[in-house]
Structures are given as structure tokens and as C-alpha cells.
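**Student:** The following block contains the structure, expressed as C-alpha cells.
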Amino acid sequence: MLLARFAENAFWLGRYMERVESLSRLLWVTEAFAADQESDEAWAPILSVFADHESFSDRGKSMTALNVARFYLTDKANPNSAAFAAFMAKENARILRHLISTEAWREISVFNDDLITLQKRRFALSKLSDICLQLRDGCYRHRGVMESTCFRDEVWRFNQLGAALERADQTTRLIDIKYFRFDRDDDDAAAPPDVAWWNTLLRSAAGYHAFQRRHSFNADAADAARFILGDPHLPLSVANAASTAVYQLERLERDFDAKPGPGVNAAAQALKARLESPPKRLAGRTLHRYIDAIQQEIIGLANALNERYFAPVG
């Protein structure tokens, strides 16, 4: 039987590596959208999505694209940064060295070293897009090595469970970067993101071509939102991630008698029900509040998993 602390390490290894990949997508989308903006305020939404305005302000830095990008890429003191997530992934992997493949440990170490090198280099905003793509590709390599070399035991299942839960959470943040502002009753009059922005978002979620196959003509923002949130066949959709998490829970119970228990089952069912019952209007304030509700369900499931598997009482 796997010790609870090793299960937690595997779970957070999955979450942290997924977080690096998601951050690379979020920064890439922000940079692409802000390229045509005259003001650096175009970067403020990412701070709101992570509730980091106060933390960023404490750095004493002005609100510029370069400073915000550094904050989320190389600031190891920022728990929402890629540098912090990569470091924590390596620390969790270090504890699991006897339980993961040598190839996986080597890949995580190399990936972390690459980020450390990035921290030491002079950072230029003109290189941000390339850096984000490099991070994303590094995460792809990590996923491929894990998939190809790791034994399908409890460590693998908890790792995949953590990655799926983080993917669901981060995908909602990717969408909400332009919708968080719709939080007052009078905000529906604000101009929604245009078609170009949604196309960029679909590309960042590796779903542009798949979306075009589903919606060849007259696609609108609601179609794109519904696709990224609820299409079960899109790997980065929230629905696909939630389904993957439930599948891993089922395998943990079936193969290793690691029963989820009523708390986890209830939380997983609540998330599933929320995703299966989207509002008719997926735009403006309605979309933002729906995303917020999904995030609360994800938090509820994460808390239930912690209580059941990682910090059991008695």
C-alpha cells in the first residue's frame, strides 16, 4: 500500500508540471492579445485571474508587460510562477525517485535547470512568445516520458489525477482572463472579446482546428466557450480533464482498493453535474459566474481528495 505522503507527492508533481504548461499558455495568450494594445494595463487581467494584485504590488514594480511577465515566469518567490512550480515539481519528484522511472527524474531535472538558466538571462519581452513555446514543449516532453516509462501503479494514478485536476482549473482561468471583469450587474454592456481573441484562445488550447471541424460556419464566442469548457474529446477541455480525474479515481478503487469515499464521490459528482448543466447564455457576466462556480467545484474536489487520501483523520 502506498504511503499517504508519497501519494500526495505524486499528486502535486502532476499539478505543478501541469501548472507550468498552463502558465505558458496563459502568458502566450496575454502577450498575443496585448500586442495591439497601447497600454501595459492589458497585462492587469492575469493578476486578477490569480488574485495577485497585492503580491505583485509588494514587489514595488510598476505595472508593465515586462514586470508582469517576469513575475509569472522567473519570480521564484511567487507561488503562482512557472519558476516556483518547476522547483516544487522537482522537489516532489526527488522524494519519489525510488518510485518513478530514471528517465522521468532526469527529464524533470533538465527542465528545472533550463528554467534556472532562464532566470539568470536578461529577460526581454520580445522573446516571451518563444520562451512560452519552449516551456510548453518541455512539458510535452515530460508528459511523454512519464507516459512511456512509468509503471502503472498508485503513483502513476495519483500523478495523473493531480494533472487532470490542475488542467481543469487552469483552463477555466485561461477563459476567465477576459471575463473576470463581468462581476457587476451593469457589466454586460461592456464589449466582449472579439473573434480574433477567441481564435487565439482556441490555438493556445490546441483546439483551433478541431473547433473549425465542429463549427465550420457562423461560429461565435458562445460556441468557443462551450467547446473549451465542455467538449469531451478536446484534451485540454474542462470536461475532458474532469472525466480523466474521475477515471483515475475509479482505477485507484478498482486496482488498489483505494476507495474515494462519500466526500470525494460527492465532490466529483458535483463537478460533473455543473459541467453537464451550463447556462444557455455563455457570454459576459453569465460566463464569468459559471466559470467561478466550476472553479469552486474543483476546489471542493481538491479539498475532498486531501481529506481522504493525504491527510486522513483517525
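The values are calculated or read from the model by the stated rules, or taken from the named source; none is laboratory data. None of the values given here were measured: they were computed from a predicted structure. Glycine gets a Cβ as well: all are built from the backbone with ideal geometry, and neighbour counts include every protein chain shown.
**Student:** With the condition kept exactly as written, say whether any residue in region 74-81 is part of a helix (DSSP H, G or I) and either touching a strand residue (DSSP E or B) at 6+ places or on another chain (Cβ under 6 Å) or hydrophobic (A, V, I, L, M, F, W, C) (or both).
**Tutor:** Scanning region 74-81 turns up no residue that is part of a helix (DSSP H, G or I) and either touching a strand residue (DSSP E or B) at 6+ places or on another chain (Cβ under 6 Å) or hydrophobic (A, V, I, L, M, F, W, C) (or both).
**Student:** Can you pull out every residue in region 197-249 that is outside any helix (DSSP H, G or I) and among the polar types (S, T, N, Q)?
**Tutor:** 216, 218, 237
**Student:** Only residues that are at pLDDT below 95 and small (Gly, Ala, Ser): list them for region 280-313, please.
**Tutor:** 283, 284, 311
**Student:** So, one more: Name the residues in region 293-302 that are free of Cβ contacts under 8 Å to residues at least 40 places away in the same chain and under 13 Å from residue 229 (Cα atoms), would you?
**Tutor:** Once the filter is applied, which keeps residues that are free of Cβ contacts under 8 Å to residues at least 40 places away in the same chain and under 13 Å from residue 229 (Cα atoms), region 293-302 yields only 293.
**Student:** Restricting to region 226-239, what's the tally of residues that are surrounded by fewer than 22 Cβ atoms within 10 Å (Cβ to Cβ) and touching a residue at least 40 places away in the same chain (Cβ under 8 Å)?
**Tutor:** Of the residues in that region, 3 qualify.
**Student:** Please indicate, with yes or no, whether at least one residue in region 212-220 is buried (at least 19 other Cβ atoms within 10 Å of the Cβ) and either in contact (Cβ under 8 Å) with a residue 40 or more places away in the chain or not hydroxyl-bearing (Ser, Thr, Tyr) (or both).
**Tutor:** Looking for residues that are buried (at least 19 other Cβ atoms within 10 Å of the Cβ) and either in contact (Cβ under 8 Å) with a residue 40 or more places away in the chain or not hydroxyl-bearing (Ser, Thr, Tyr) (or both), one finds none in region 212-220, hence no.
**Student:** If you take the residues of region 144-187 that are in a helix (DSSP H, G or I), charged (D, E, K, R) and at pLDDT 95 or above, which of them is surrounded by the fewest Cβ atoms within 10 Å (Cβ to Cβ)?
**Tutor:** Ranking the candidates gives 147 first.
Condition check ((1) modelled with pLDDT under 95; (2) under 23 Å from residue 130 (Cα atoms)) across all residues:
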position: 17; (1), (2): no, yes
position: 27; (1), (2): yes, yes
position: 43; (1), (2): yes, yes
position: 48; (1), (2): yes, no
position: 77; (1), (2): yes, no
position: 89; (1), (2): no, yes
position: 100; (1), (2): no, no
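The rows are residues; the columns are (1) touching a residue at least 40 places away in the same chain (Cβ under 8 Å); (2) surrounded by fewer than 16 Cβ atoms within 10 Å (Cβ to Cβ); (3) not acidic (Asp, Glu).
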position	(1), (2), (3)
68	no, no, yes
73	yes, no, yes
93	yes, no, yes
105	no, no, yes
109	no, yes, yes
